[in-house]
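The values are calculated or read from the model by the stated rules, or taken from the named source; none is laboratory data. Note that this is a predicted model, so its numbers are computed, not measured. Neighbour counts are summed over all protein chains in view; Cβ atoms, including those assigned to glycine, are modelled from backbone coordinates with ideal geometry.
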Amino acid sequence: MGVFLLLFRLLAGAWRYLQKLNIEEVHALFFCKIQCLSIMIQNKINDEKRLVEFREYLWKYFSMHADQRLKTFNFYLLISALLFGAYGTLFKNASGSIIICFFPSLITFTSFVFWKLDQRTKSMIKYSENALKLIDKELCQDFIGIISPDMLNIFKYEDNQTEKNNKDTYCFLCKTYSYTNCFNLIFLVFGGIGLLITIFHLTSLFHSIIYIIIK
């Protein structure tokens, strides 16, 4: 009974308020509300449109540097193969010459340079990836209740799945490794081999010189 009485009082108050207004004021108030609502909807559409456009720009930035990273690494593998091949040929023909130290030391130097280049490219990719995660998070809010936003935010979803799989896997051979981990391992192996070969030949050359001097 109290609820109906309260509702009756609210309706009576609204009626008295409308009676004080003339029809033009009512129409003006109504259209003002409609206009404000329209502006709010249009602003939201414009904001989402700007987000989509900015996401396209970030995606182009991300894909360009990701592609550049792979091409740079392939170029590094090609150079390393040529240097190892040149070293093998020189080792057969002039194993006692000091020139033989040039190619393995160049392999180590090349590995270091390309490692630093890869670090630079990786950081640029990471910047765009983090920005894409934020935009995807904002855009996915409209799908709450329809589909899980976490699955649409593909970068964040991939990070979570990789972390989960690595926690559940104890064998290091079955774990998921990033491009950075794999690339760094190859840089380390190739550069380390070049350094060890250089040290070996320099040590052998030093022993030969000492032997000649003593003799």
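Couple of notes before you dig in:
Let's see how each residue does on (1) of a type in the set (A, V, I, L, M); (2) loosely packed, with under 10 Cβ neighbours inside 10 Å; (3) at pLDDT 80 or above; (4) within 44 Å of the chain's Cα centre (by Cα):
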{"residue": "Arg16", "(1), (2), (3), (4)": "no, yes, no, no"}
{"residue": "Ala28", "(1), (2), (3), (4)": "yes, no, no, no"}
{"residue": "Asn43", "(1), (2), (3), (4)": "no, no, no, yes"}
{"residue": "Asn46", "(1), (2), (3), (4)": "no, no, no, yes"}
{"residue": "Val52", "(1), (2), (3), (4)": "yes, no, no, yes"}
{"residue": "Trp59", "(1), (2), (3), (4)": "no, no, yes, yes"}
{"residue": "Ala66", "(1), (2), (3), (4)": "yes, no, yes, yes"}
{"residue": "Ala94", "(1), (2), (3), (4)": "yes, no, no, no"}
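- Subset of the range 178-213 (residues that are among the polar types (S, T, N, Q) and within 26 Å of the chain's Cα centre (by Cα)): Ser178, Thr180, Asn181, Asn184
- Residue in the range 92-102 that is part of a helix (DSSP H, G or I) and under 23 Å from Ser63 (Cβ atoms) present: no
- Among residues of the range 54-72 that are touching a residue at least 60 places away in the same chain (Cβ under 8 Å) and farther than 27 Å from Phe112 by Cβ, none has a beta-carbon under 7 Å from a residue that is among the acidic types (Asp, Glu) and crowded, with 17+ Cβ neighbours inside 10 Å at least six positions away or on a different chain.
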